[in-house]
Amino acid sequence: MTKLNSKQIRQGDVLLVERATKDAVEAEPASADGSCVLAHGEVTGHRHRFERASEAQALTGARVRQLLVNAPATLLHEEHTQAPVKPGIYDLPRQTEWTDENEPRTVAD
């Protein structure tokens, strides 16, 4: 887990950016095991997740994906340090990296 500043948390390819307003309105369904999954590992099958959907809820909107955290919670992943997350609203921007061919691509975990 990397704390970039007081308003940002990064865990691998997931970035949470705290904000004051909620723009996304459609709730994403909880995972079959009742967790709130932010990202799936394309190679390992591991997940960036909150153990219980009651702790946090991912939301989607026209041009934004956000996270609503209801109570102090912990962002989990099998290969990363646990990240404590305080209650609030967070943007979930897609992470981009540049390839050797100087082309952007979405970061995959």
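The values are calculated or read from the model by the stated rules, or taken from the named source; none is laboratory data. Keep in mind that this is a model prediction, so the values were computed, not measured. Every residue, glycine as well, gets a Cβ built from its backbone with ideal geometry; the counts of neighbours run over all protein chains shown.
How many of the residues making up the range 26-43 are loosely packed, with under 15 Cβ neighbours inside 10 Å, modelled with pLDDT of 90 or more and acidic (Asp, Glu)?
2
Give the residue that is surrounded by the most Cβ atoms within 10 Å (Cβ to Cβ), with candidates limited to residues of the range 84-103 that are under 11 Å from the mean Cα position of the chain (by Cα) and either among the aliphatic types (A, V, I, L, M) or part of a strand (DSSP E or B) (or both).
Filtering the range 84-103 for residues that are under 11 Å from the mean Cα position of the chain (by Cα) and either among the aliphatic types (A, V, I, L, M) or part of a strand (DSSP E or B) (or both), the one surrounded by the most Cβ atoms within 10 Å (Cβ to Cβ) comes out as TYR90.
Are any residues in the range 63-72 outside any strand (DSSP E or B) and of a type in the set (Lys, Arg), and if so, which ones?
The one that is outside any strand (DSSP E or B) and of a type in the set (Lys, Arg): ARG63.
When the residues of the range 1-14 are filtered to those that are outside any strand (DSSP E or B) and not small (Gly, Ala, Ser), which remaining residue is modelled with the lowest pLDDT?
Here the residue is MET1.
State the number of residues belonging to the range 73-83 that are part of a loop (DSSP other than H, G, I, E, B) and in contact with a Ser or Thr (Cβ under 8 Å, 6 or more places away or on another chain).
Residues that pass the stated criteria total 3.
So how many residues does the range 47-62 have that are of a type in the set (Ser, Thr, Tyr) and assigned to a loop (DSSP other than H, G, I, E, B)?
The number of residues fulfilling the criteria is 1.
Filter the range 20-36 for residues that are acidic (Asp, Glu) and not in a loop (DSSP other than H, G, I, E, B) and give the result.
Once the filter is applied, which keeps residues that are acidic (Asp, Glu) and not in a loop (DSSP other than H, G, I, E, B), the range 20-36 yields only GLU26.
Read through the list (1) assigned to a strand (DSSP E or B); (2) farther than 20 Å from ALA24 by Cβ, then give the number of the only condition that ALA39 fails.
It fails just one condition, (2).
Within the set of pairs 6+ apart or on separate chains, which have a first residue in the range 44-59 that is surrounded by 18 or more Cβ atoms within 10 Å (Cβ to Cβ), a second that is among the aromatic types (Phe, Trp, Tyr), and C-beta atoms under 7 Å apart?
Hits for this filter: ALA56/PHE50.
Which condition from (1) surrounded by 14 or more Cβ atoms within 10 Å (Cβ to Cβ); (2) modelled with pLDDT under 90 is the one that ALA62 breaks?
Only one criterion in (1) surrounded by 14 or more Cβ atoms within 10 Å (Cβ to Cβ); (2) modelled with pLDDT under 90 is unmet by ALA62, namely (1).
Which condition number in (1) in a strand (DSSP E or B); (2) surrounded by fewer than 14 Cβ atoms within 10 Å (Cβ to Cβ) is the one that VAL17 fails?
(2)
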